[in-house]
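These notes are about the structure you will find just below.
The values are calculated or read from the model by the stated rules, or taken from the named source; none is laboratory data. In this text, all values refer to a predicted model and were calculated from it rather than measured experimentally. With ideal geometry, Cβ positions are generated from the backbone for all residues, glycine too; neighbour counts draw on all protein chains shown.
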Amino acid sequence: MSHPLYFFHGADWAVPRPAPGTFAVWRRNFLVWRKLMGPSLLFNFGEPLLYLLGLGFGLGRFVGEVEGLSYIAFLASGLLASSSMNTATFEGLYSVYTRMVPQQTYDGMLATPVDVDDIVLGEMLWCATKGLISSTAILLVAVGLGALHGWQLLLCLPAFYLTGLCFAGPALVVSSVSKSYDFFAYYVTLAITPMYIFCGVFYPTGALPAFAQSFVSLLPLTHAVALIRPLASGGVPADILLHITVLSFYALAGFYLAVVLVRRRLIQ
Amino acid sequence: MQNLDLVIEASGLEKSFSGRAAVCGINLRVPRSGCFGLLGPNGAGKTTTLRMVLGQCRLSGGELRVLGQPMPAAKKSVRARIGVVPQLDNLDPDFTVLENLFVYAAYFGLRRAQVAQRARELLALVELSDRAGTRIGELSGGMKRRLSIARSLINDPEVLILDEPTTGLDPQVRHLIWTRLRGLKREGKTLILTTHYMEEAERLCDRIVIMDHGRIIAEGAPRDLIRQHSEPDVIEVQGAPAELEQRLMALDGGRVERVGETLYFHTGSARNAVALLEPVPDITYLHRPANLEDVFLKLTGRDLRE
Ligand SMILES: Nc1ncnc2c1ncn2[C@@H]1O[C@H](COP(=O)(O)OP(=O)(O)OP(=O)(O)O)[C@@H](O)[C@H]1O
Ligand SMILES: [Mg+2]
């Protein structure tokens with residue numbers, strides 16, 4: 001592990017060519033999720049309800065309006081983005097690692113026409129699906145509380161999915177080079193939690209010092225928030241193409257890197 | 001030249017893991033139909049060879065064709081026609097027994113409706129019909145192995161690769177598995193099997209290859225290998241004094257081997273040896289025909305591996 005490019009030693013950089021097996025991988029995860037749908041959905045709906053009631057109304061009374069939105073609407077629209085991030089990330093870390101290492105699920109798949117490219121894409125699509133489910137749950141809670149409204153909210157759904165994809169790739173990359181679950185602490189503490197705190201979920205990034213603002217503007221969650229918040233509050237996102245491009249870039253780069261690294265891990 | 005009657009055709013097949021050789025340039029030809037055994041001590045390279053055959057492991061050198069197609073380029077279409085029972089079970093713990101078959105079928109692009117009938121038949125074949133709704137974690141080792149075999153047949157494969165299918169199983173399960181494997185052989189499927197049980201290889205395999213340290217050291221039908229590499233009879237003697245060992249060695253056409261307290265006398269004329277041993281007091285002896293295990297131990301030695 002001494003060399004900085006150790007993880008890529010002997011890697012296969014061939015362009016990924018996912019096939020219909022991708023869908024079988026996605027569907028496997030969906031079937032497992034469906035079995036445990038009850039507790040899973042309770043979590044998806046219960047947690048944002050607590051956040052929005054507690055922070056949105058509670059903190060909102062002191063904060064008042066932020067960028068022309070009631071604090072609860074501001075917070076809800078930020079959580080829509082961070083929830084896709086967190087959910088896709090945790091699925092891509094813990095669940096994917098569990099299937100890859102202790103359960104050897106992928107080894108089973110690799111005895112069938114399903115190959116690494118299909119596994120990685122299928123898992124990414126699934127991580128994004130879970131992100132979509134959790135953000136949609138928040139959206140419904142926010143609508144129920146009267147914080148958000150309007151038909152335009154439907155435009156958020158593809159943005160949730162894109163945000164999920166954007167974070168699924170890097171999570172799979174981390175899983176594929178991890179020796180144990182403990183390794184995830186680095187990624188979560190050094191990448192995910194800072195984004196959650198600094199990328200505009202709880203307050204506008206304009207509140208940060210100038211140097212921090214330019215750094216934060218490179219991070220994907222900033223773009224997810226900047227895309228989703230206006231869509232959720234009836235406006236048109238400024239620089240919409242930029243945000244979509246950045247999120248797509250992270251998704252594609254993450255996918256390619258994850259394919260290369262998972263190949264190296266599974267096909268020695 | 002590619003030969004369509006060969007399931008596996010490997011020449012100079014090599015694999016090393018970070019510089020350590022696991023398979024050292026083997027030539028392997030597995031004919032279609034019948035049962036082919038891959039034997040060898042722990043670490044001989046059997047699993048690594050099979051993983052290359054399935055495209056689960058990259059080649060370090062050599063050429064490999066499976067079902068007439070080049071590997072690993074054709075791995076997807078090759079795997080579609082093969083069933084695999086891996087050395088370590090990797091059943092899906094998030095599903096029940098029957099669901100495992102359906103989910104696995106989906107990896108082959110087979111829908112639930114297409115395989116519903118077949119899945120039930122396969123569970124009956126391995127006598128797990130009454131466990132269809134059981135979760136994997138609640139199955140015993142023998143049940144998991146049987147389910148792995150059922151799962152490997154869900155795509156109705158032409159070739160079945162079984163990596164130590166009966167290791168750690170009780171005699172009842174082993175006999176059930178042997179019966180089923182013979183049935184599959186009769187249906188015309190090609191079986192490729194690894195095992196550490198020599199009597200299993202002798203019973204099931206038409207041809208075997210013995211590997212050691214990544215190389216093939218013997219190849220042929222079990223009977224032929226026994227004929228070629230071993231005298232026809234073995235007499236195992238317990239508690240033989242050194243003086244008796246000398247007298248056995250003096251008989252012609254024999255080979256004496258001492259392992260701890262046991263003397264193995266390999267011979268073509270057991271009658272003379274028995275005549276010699278019969279009157280000796282305080283020893284016990286067993287006279288039996290030579291078997292594949294004798295050949296295996298002779299060729300691979302008695303030292304422990306790894
Ligand atoms: N993924 C791997 N990384 C490093 N070395 C490996 C790997 N897989 C196998 N080896 C090594 O390759 C050699 C051959 O292993 P292999 O598993 O093919 O043996 P085997 O004949 O199947 O043994 P067994 O009867 O114990 O299953 C061993 O020395 C093993 O340590
Ligand atoms: Mg093995």
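Descriptive notes on the structure:
- Any hit, segment B:267-286, residues being closer than 24 Å to B:L39 by Cα and either modelled with pLDDT of 85 or more or not assigned by TED's automatic domain parsing to the domain that holds B:G40 (or both): no
- Listed by position, the helices (runs of 4 or more DSSP H) contained in segment B:32-115 that have at least 3 residues being hydrophobic (A, V, I, L, M, F, W, C) are B:46-53, B:97-107.
- Qualifying residue in segment A:234-249 (condition: in a loop (DSSP other than H, G, I, E, B) and in contact with a Phe, Trp or Tyr (Cβ under 9 Å, 6 or more places away or on another chain)): no
- Cross-chain or 6+ apart pairs with Cβ under 6 Å, segment B:292-305 first and farther than 12 Å from B:Q228 by Cβ and charged (D, E, K, R), then within 16 Å of ligand 2 (Cβ to nearest atom) and not in a helix (DSSP H, G or I): B:R305/B:P41; B:R305/B:N42; B:R305/B:G43
- Scanning segment B:168-195 for residues that are touching a residue at least 60 places away in the same chain (Cβ under 8 Å) and either away from ligand 1 (no atom under 16 Å from the Cβ) or away from every other protein chain (no Cβ under 14 Å) (or both) gives B:L181, B:K185, B:G188, B:K189, B:T190, B:L191, B:L193, B:T194, B:T195.
- When B:G25, B:G34 are screened for being crowded, with 16+ Cβ neighbours inside 10 Å, within 21 Å of B:K185 (Cα to Cα) and modelled with pLDDT under 95, only B:G34 passes.
- Among the candidates B:R120, B:R81, B:R131, the residue that is within 14 Å of another protein chain (Cβ to nearest Cβ) and farther than 25 Å from B:M198 by Cα is uniquely B:R81.
- Only listed residue being in contact with a Pro (Cβ under 9 Å, 6 or more places away or on another chain) and not β-branched (V, I, T), chosen from A:C199, A:C127: A:C199
- Members of segment B:1-25 that are away from chain A (no Cβ under 14 Å) and assigned to a loop (DSSP other than H, G, I, E, B): B:M1, B:Q2, B:N3, B:L4, B:D5
- Inter-residue pairs, beta-carbon under 6 Å, first within 18 Å of B:F17 (Cβ to Cβ) and in segment B:36-51, second more than 9 Å from ligand 2 (Cβ to nearest atom) and among the acidic types (D, E), 6+ apart: B:G40/B:D212; B:N42/B:E306; B:G43/B:E306; B:A44/B:D212
- For segment A:102-125, the count of residues that are within 14 Å of the chain's Cα centre (by Cα) and hydrophobic (A, V, I, L, M, F, W, C) is at least one.
- Count of segment A:73-89 residues which are hydrophobic (A, V, I, L, M, F, W, C) and over 26 Å from A:G58 (Cβ atoms): 1
- A single member of B:A73, B:A105 is more than 16 Å from ligand 1 (Cβ to nearest atom), modelled with pLDDT under 95 and within 27 Å of the chain's Cα centre (by Cα), and it is B:A73.
- Of all the residues in segment B:154-175, those that are away from ligand 2 (no atom under 16 Å from the Cβ), of a type in the set (S, T, N, Q) and buried (at least 20 other Cβ atoms within 10 Å of the Cβ) number 1.
- From B:F265, B:F296, residue being under 30 Å from B:T48 (Cβ atoms) and among the aromatic types (F, W, Y): B:F296
- Filtering segment B:29-56 to residues that are more than 16 Å from B:L160 (Cβ to Cβ) and away from ligand 2 (no atom under 16 Å from the Cβ) leaves B:R29, B:G55.
- Of the residues making up segment B:132-143, not a single one is of a type in the set (K, R) and either within 16 Å of ligand 1 (Cβ to nearest atom) or in a helix (DSSP H, G or I) (or both).
- Restricting attention to segment A:34-74, the residues being in contact with a Pro (Cβ under 9 Å, 6 or more places away or on another chain) and under 18 Å from A:L145 (Cβ atoms) number 2.
- For the residues B:D130, B:D92, the requirement of being touching a residue at least 24 places away in the same chain (Cβ under 8 Å) and more than 16 Å from ligand 2 (Cβ to nearest atom) singles out B:D92.
- Candidate set: segment B:116-126, residues that are within 22 Å of B:E138 (Cα to Cα) and part of a helix (DSSP H, G or I); chosen: the one farthest from the chain's Cα centre (by Cα): B:R120
- If you go through segment B:84-112 and keep only what is more than 9 Å from chain A (Cβ to nearest Cβ), touching a Gly at 6+ places or on another chain (Cβ under 8 Å) and of a type in the set (S, T, N, Q), you end up with just B:T96.
- Of the strands (runs of 3 or more DSSP E) that lie entirely inside segment B:151-263, those containing 3 or more residues that are farther than 26 Å from B:Y104 by Cβ span B:207-212, B:215-220, B:233-238, B:254-259.
- Single residue of B:L59, B:L28, B:L54, B:L50 found to be within 13 Å of chain A (Cβ to nearest Cβ) and more than 21 Å from B:L181 (Cα to Cα): B:L59
- Options A:V101, A:V66, A:V120: the member that is out of contact with any strand residue (DSSP E or B) (no Cβ under 9 Å at 6 or more places or on another chain) and buried (at least 23 other Cβ atoms within 10 Å of the Cβ): A:V120
- Set side by side, the residues A:L125, A:L139 differ, and just one is among the hydrophobic types (A, V, I, L, M, F, W, C) and buried (at least 24 other Cβ atoms within 10 Å of the Cβ), which is A:L139.
- Residue match in segment A:79-99 (condition: more than 14 Å from chain B (Cβ to nearest Cβ), under 23 Å from A:M37 (Cα atoms) and β-branched (V, I, T)): yes
- B:S11 being over 18 Å from the mean Cα position of the chain (by Cα) and within 15 Å of ligand 1 (Cβ to nearest atom): no
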